[in-house]
1. Could you check how many residues of the range 33-57 are part of a loop (DSSP other than H, G, I, E, B) and among the small types (Gly, Ala, Ser)?
2. Does Asp14 fit the bill of being of a type in the set (D, E, K, R), open to solvent by 50 Å² or more (accessible area, probe 1.4 Å) and out of contact with any strand residue (DSSP E or B) (no Cβ under 8 Å at 6 or more places or on another chain)?
3. Take the range 41-64 and flag every residue that is surrounded by 15 or more Cβ atoms within 10 Å (Cβ to Cβ) and among the basic types (Lys, Arg).
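The values are calculated or read from the model by the stated rules, or taken from the named source; none is laboratory data. Quick caveat, the model's predicted, so the values are computed rather than measured. Reconstructed Cβ throughout: ideal geometry from the backbone, glycine too, with neighbour counts over all protein chains shown. Quick note on the areas: whole protein, heavy atoms, side chains included, nothing else; ligands and nucleic acids left out. Shrake-Rupley method; radii C 1.70, N 1.55, O 1.52, S 1.80 Å.
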Amino acid sequence: MPQPAKRSRITIGDTTITYLPDGFGAHNPDVLFLGVDWTTRPGHLQDGQLLLSFGSFLIRAGDRRVLVDLTVGKIPPTSLRTKPEPCATACWHDRTP
């Protein structure tokens, strides 16, 4: 059964990337991924919904800090959607000490 993502961290050399979850939601998978046969992907849906986690990446490299906010943007109602559209943007916040 799908679960929301948890905080996680990876370090490569002197760079550390931390995923900072700040929410999740269940969505109609056909709105975001048109034409996907979900019967060939068991375990990805919960009660017919796709569970998506939202959050940011905090990147630490030496004395630099960068917060990458993985915003979702606007997702139109299913009845209005006729073709795939971009649904994610990234916002960069450089917090250098």
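1. 3
2. Here the answer is no, as Asp14 does not meet what is asked.
3. Arg60
Residues are listed down the side, and each one gets a yes or a no for (1) within 15 Å of the chain's Cα centre (by Cα); (2) of a type in the set (A, V, I, L, M, F, W, C); (3) farther than 22 Å from Leu58 by Cβ; (4) open to solvent by 80 Å² or more (accessible area, probe 1.4 Å):
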residue	(1), (2), (3), (4)
Arg7	yes, no, no, yes
Ile10	no, yes, no, yes
Gly23	yes, no, no, no
Leu32	yes, yes, yes, no
Thr39	no, no, yes, yes
